[in-house]
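The values are calculated or read from the model by the stated rules, or taken from the named source; none is laboratory data. Bear in mind that the values here come from a model prediction, so they are computed numbers and not experimental data. Backbone-built Cβ (ideal geometry, glycine too); neighbour counts: all protein chains shown. Calculation scope for accessible area: heavy atoms of the full protein, side chains included, ligands and nucleic acids excluded. Shrake-Rupley method; radii C 1.70, N 1.55, O 1.52, S 1.80 Å.
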Amino acid sequence: MKEIDCQTSHCEHNLKCKCMAGIISVGDNAKCLSRIKRDGGALAQSFADVEAGEEFHGVPQDGIVQCSAECALNTGGLCSAEKITVKDGLTGTKCRSRISSKE
């Protein structure tokens, strides 16, 4: 996995839209199981992003995504995509890059 674009509103692992967890787990229905609510919510997320500074955007990112979702990119329990996007939704934080393997 080259990059995890994390667009959650308040997760301890999210810093400037990068997932810093290193290893994340995506479960059934593409739900992110690694999300940990940030103390202080969205306001604390904003402060953390500001503190990281603009130079943080150039920091290389390498993560492993363990996946149990039915997805065409799931290869032996690991995501084989070069980049995924994770976003908040009505039913939780999910991998939005999921490609149904039933097609």
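For the stretch 29-83, give me each residue that is modelled with pLDDT of 85 or more and acidic (Asp, Glu).
Once the filter is applied, which keeps residues that are modelled with pLDDT of 85 or more and acidic (Asp, Glu), the stretch 29-83 yields 39, 70, 82.
Sort out which residues of the stretch 64-103 are of a type in the set (S, T, N, Q), over 26 Å from residue 38 (Cα atoms) and touching a residue at least 24 places away in the same chain (Cβ under 8 Å), and write them in order of number.
Correct list: 74, 100, 101.
Report, by residue number, each residue of the stretch 1-38 that is crowded, with 17+ Cβ neighbours inside 10 Å, part of a strand (DSSP E or B) and polar (S, T, N, Q).
Once the filter is applied, which keeps residues that are crowded, with 17+ Cβ neighbours inside 10 Å, part of a strand (DSSP E or B) and polar (S, T, N, Q), the stretch 1-38 yields only 14.
Look through the stretch 76-91, keep the residues that are open to solvent by 40 Å² or more (accessible area, probe 1.4 Å) and of a type in the set (S, T, N, Q), and return whichever of them is nearest to residue 12 (Cα to Cα).
Among those that are open to solvent by 40 Å² or more (accessible area, probe 1.4 Å) and of a type in the set (S, T, N, Q), it is 91.
Which of the residues that make up the stretch 92-103 are open to solvent by less than 80 Å² (accessible area, probe 1.4 Å), of a type outside the set (Val, Ile, Thr) and assigned to a loop (DSSP other than H, G, I, E, B)?
If the condition is that a residue be open to solvent by less than 80 Å² (accessible area, probe 1.4 Å), of a type outside the set (Val, Ile, Thr) and assigned to a loop (DSSP other than H, G, I, E, B), then 97, 100, 101 are the ones that fit.
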